[in-house]
Structures are given as structure tokens and as C-alpha cells.
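Notes to accompany the following structure.
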Amino acid sequence: MYNLKSENAEEFISNEEVLKTIEYATSNKTNLSIVNSILEKAREKKGLTHKEAAVLLLCQDKEKTEEIFSLSREIKEEYYGNRIVLFAPLYLSNYCVNGCTYCPYHAINKHIPRKKMTQEEIRNEVIALQDMGHKRLAIESGEDPVNNPIEYILESIDTIYSVKHKNGAIRRVNVNIAATTIENYRKLHEAKIGTYILFQETYNKQTYERLHPTGPKHNYNYHTEAMDRAMQGGIDDVGMGVLFGLDNYVYEFVSLLMHAEHLEALYGVGPHTISVPRIRRADDIDVTTFKNAVDDETFKKIVAVIRIAIPYTGMIISTRENKECRKELLELGISQISGGSKTSVGGYYKDEEEDSSQFEVNDNRTLDEVVNWLMELNYLPSFCTACYGSGRVGDRFMEICKDRQIHYFCHPNAIMTLKEYLQDYASEKTKNTGEKLILNEINKIEDENIKLKVTNNISKIINGERNFKF
């Protein structure tokens, strides 16, 4: 039974509904009358249902595909402008009791080095990240109730927020840890986390249980219902995603949109972010055993149609993807990227990747190189965390975003945080590029009062003040 407002995972992600949707999309993918009517609705830029989006995803007409790509670019520009938010993952521990067959952290992998950082080591990592220029982190940890209890995660969050090195500060800590209880989500909320992130990996229950043969993660319903418990625990912003390549991409795409619709229907706010990782080579993992690989062209279309279907959500791409792929995806809908990432425990302070990496990184550029590259592409790199600091989260943020009003906050905040980066961390090449970009971006501000305030704050940043926000 499909029930959008049910709290039962097998009802709001109904296998029957997913299959019916795929059948509907398959039978209508060449029906240009239906495709055109869906595109007409999509041009209102208020989103699509999972059934409508599936039709666009499967439509192979070249002209319509170009229309889809063009519309996704238009929606991205209207909702998010040319801003790209930057962040970095921080791996606290790779101890894990689960048996996930696609992840090298699985419990039976006996040759991967296991490590759990001490609070002093976390401080060193945070200083290294601050010295790069990062202001926003996503902390990661394997699931292990002995080595990585919630108390360890909470203590680590406190440590991260406490580190102030030179002009550096981590202003937003997003948390990507295993599904947990309402009580623990409440504790994370009280610790002032940003977004709670949890990837579904795969929404197909049979595949999910086969790929998670042992450990607490084996429980499909408990994992899939985690976002409900997070919101019930007071967390305002949640981030979702699937690991494309584990199962049929259309099944995953439809289910992901159904999950977003469920959160919107039941809690009045959909996902703050959606991530779209693809499975990559890693220690002890042979990716050739996974037969559902998603090629680049299909991947681009997935991103484009998600942007059209859920215009308001942030979209994240990691360093799993290479420079060329990331460039194309930025145009089609991505609004957040990682830069200078390390996927091993303790990788920043030592400035090296150990054999404890969770997956292979395909974009090894430094943060400074990524920032300069973005600006050369005419994007505005942003280190902004102002909405989080000002309480514009959850439904409050979504209301502003859906009304396409976030430009009034995010654009000036992005300019000011970029100026901070240029003053404190940028190479001369990046600084020169950035100063020209800032002048151009200030000139785009139509409100004279906002323009004056940004200009005045830029002067204050030059004189050593930090953390201005609208």
C-alpha cells in the first residue's frame, strides 16, 4: 500500500508504487504529448511529482533532452544563482560493525587500518582544514556502538566548534552518521549541528538486505525511517542520497523523489540537500561485481531532472567525480561541492591518504585550486553559513527558497565570505581572480542599501573583522 504520509518505510516508499511509476514512465517516454505537458508544468518551476519526473528521465528524444538540460540550468540560476557552496568531509573513525558489501569499512575487512581520532587529533585536523579556508564540515563515522557511541560524536562536535585558529572557525558542522534514535537526534540538535545526512544507499528492499547482510544497518525500515525520527527529534535540515550503481538507477531515482515527497507531506519541509554519489573503487571492493553502473550521460540527466523536480533543494557532488564531470553537473543543478577532500581518518593534518580511505577520490585538487577554477567558470564560491547562524533553517529556509528570495541573503553573504577567504588563505593567482569577481558581483546587487552595506563590510574584512552576515 502506498501512503505518502505513513511513517512506515514500505508504505511511503511502496515497491508497488515504484514499479507502477517505472511502467508508466516506460510506456509514455516516447509520447511527446505527455512529455510536452510535463515540460510545460516544469517551466512553472514549482517542481514535479515522481511520476512526471520519471517520464522526463526516460525520455530519449534528443530535442526534449536538450530542453530538459536547458530548463535545469534556468531553474538552477533562478533559485541559486552562480553561487557554489564549499565544504569538506571529516572522517572521525572507520570502526564499523556493519557488513556493507560495497564499503571497505565493513566489519570483516581485516587488513584495512582501523583508526578512531582522539580529540587532540580532531583539533589538528580542524586546524588543517581552517588553514585551507574551510568553514563548513561534514563529519563521517562508521557505525560502532563501542568505538563510536553518540557521546563520542557529540564530544567531537564540541571540539570542532571550539577550535579558533588565526582567523579560522568552523561555523557549520553537518553530521553523516548511522540511523539512530529520536533521543540521539535530539542530542545532535542540541549540539547545534547543521544538516543531518544519511544516504539510503539503495531503496530496493531486497537489494538493500542483500548488500547489508550483517549489522544493525541490515534493518531496512529502521534505516529508511531515520529522517522521520531526525525531524521528530528537532533536526530542521536533513540531507538524503542514494549510491547510484547498487541497483537500477530508475528505481533509485523514483524512490528518492518519493522520499522527498513524504517528508514534504508529513513535516512541511523536504530535504535540505540531495547527494548523488556513484559507486567507486575502494580497498577490498571490486566495483565490477555491481552491474548497475550509471554512465556519464545518464548521470547528467539524473541531476538535471532532480533539479527540475525539486527546485528548492541543494544538490551535492563530491570528489568521487572528476573535474570534467563536476563542471558539467554544476551547470545542470549542483549547488554544493567538496574541495581538497580527504576520505581517510586523519588525512588532513598528515596531508596524505592512508589505506583507510573510504573511496577513491577522482578530483585531487587543493581547495585553492577548486576556488580559482570555480571563479574562472564565473561561479561565486561561497563559504557562507549565515542561514544556519541566523535561524533560517528547515521550513523557514524553504519558504524563502521556494519564493526565490534567498538571493537577497545568499548573494551578499557569498561575496563577503569569499573576501574572507581571499584575505586569509588564497594564493596570489586566486586572490587576483577573486578581487575582480567580487567587484562584478557587488555591481549585480540591485538594492543600494545592501550594496552599501556589503561594500562597508568588505572594508571591515580588510581591516581584520570577520563573520558578517545578512
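Since every read-out is calculated from the coordinates, none of them should be taken as a lab result. Note that the structure is a prediction, hence the values are computed from the model and not measured. Glycine gets a Cβ as well: all are built from the backbone with ideal geometry, and neighbour counts include every protein chain shown.
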At q = 0.16, 0.22, 0.23, 0.31 Å⁻¹, work out log10 I(q)/I(0) for the range 407-461 with the Debye formula, treating every Cα as an identical point scatterer and leaving solvent out; two decimals please. -0.43, -0.79, -0.85, -1.33
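Figure the gain on full extension for E399 and N15 (residue separation times 0.36 nm, minus the Cα-Cα span) and round it to one decimal in nm. Let's see the in-between values first.
Numbers: separation 384, 0.36 × 384 = 138.24 nm, distance 3.11 nm.
Gain on extension, E399 to N15, equals 135.1 nm.
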How long, wide and thick is the range 363-470, going by the Cα atoms along their three principal axes, in whole angstroms, largest first? 39, 34, 23
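Among K5/K327; K116/K187; K166/K431; K164/K323; K29/K323; K51/K402, which pairs are too far apart, with a Cα-Cα distance over 26 Å? Numbers along the way, then the final one.
Details: K5/K327 37 Å; K116/K187 21 Å; K166/K431 19 Å; K164/K323 32 Å; K29/K323 32 Å; K51/K402 21 Å.
From the list (K5/K327; K116/K187; K166/K431; K164/K323; K29/K323; K51/K402), the Cα-Cα distance tops 26 Å for K5/K327; K164/K323; K29/K323.
Which trypsin sites (Lys or Arg not before Pro) from the range 1-80 combine a DSSP loop assignment with at most 15 other Cβ atoms within 10 Å?
Working: sites: K5, K20, K29, K41, R43, K45, K46, K51, K62, K64, R73, K76; in loops: K5, K29, R43, K45, K46.
Listed in order of number, the matching sites are K5, R43, K46.
Using DSSP to define loop residues, name the trypsin sites (Lys or Arg not before Pro) in the range 149-252 whose beta-carbon has at most 10 other beta-carbon atoms within 10 Å. Don't jump to the answer; show the numbers that get you there.
Numbers: sites: K164, K166, R171, R172, R186, K187, K192, K205, R210, K217, R229; in loops: K164, K166, R171, K192.
Qualifying residues, ordered by number: K166.
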Unpartnered Cys in the chain, judged by a 4.7 Å Cβ-Cβ cut-off, are C59, C96, C325, C384, C387, C401, C410
Starting from a Cα-only point model with no solvent, please compute log10 I(q)/I(0) by Debye for the chain at q = 0.07, 0.08, 0.11 1/Å. -0.34, -0.44, -0.88
Mind giving me the nanometre distance, one decimal, between the label points for E183 and D61, set 7 Å out from Cα along Cα→Cβ? 5.7
Just to be sure I understand the model, the point goes 7 Å from the Cα along the line to the Cβ. What's the resulting R73 to N463 distance in nm? 4.3
Thinking of the range 47-128 as a set of Cα atoms, what percent of all their pairs are more than 19 Å apart? 67
Between E328 and K46, 0.36 nm times their residue separation minus their Cα-Cα distance comes to what? 99.2 nm
Dividing the helical contributions, -39500 (n - 2.57) per DSSP H run of n ≥ 4, by the residues of the chain yields a 222 nm value, nearest 500 deg cm²/dmol, of -15000 deg cm²/dmol
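State the extension gain, in nm to one decimal, for the chain segment bounded by A293 and E120, taking 0.36 nm per residue of separation less the distance between their alpha-carbons. Please list the in-between numbers first.
Working: separation 173, 0.36 × 173 = 62.28 nm, distance 4.02 nm.
Stretched out fully, the A293 to E120 stretch lengthens by 58.3 nm.
Of all beta bridges DSSP finds with both residues in the chain, what is the antiparallel percent, to the nearest 5?
On the way: 2 of 32 bridges.
Rounded to the nearest five, the antiparallel share is 5 percent.
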Sites matching GluC sites (Glu not before Pro) across the range 78-137 that sit in DSSP coil, with at most 13 neighbouring C-beta atoms within 10 Å: none
Plugging the Cβ-Cβ distance of S27 and A265 into 1/(1 + (r/R0)^6) at R0 = 25 Å yields, to the nearest 0.05, a FRET efficiency of 0.40
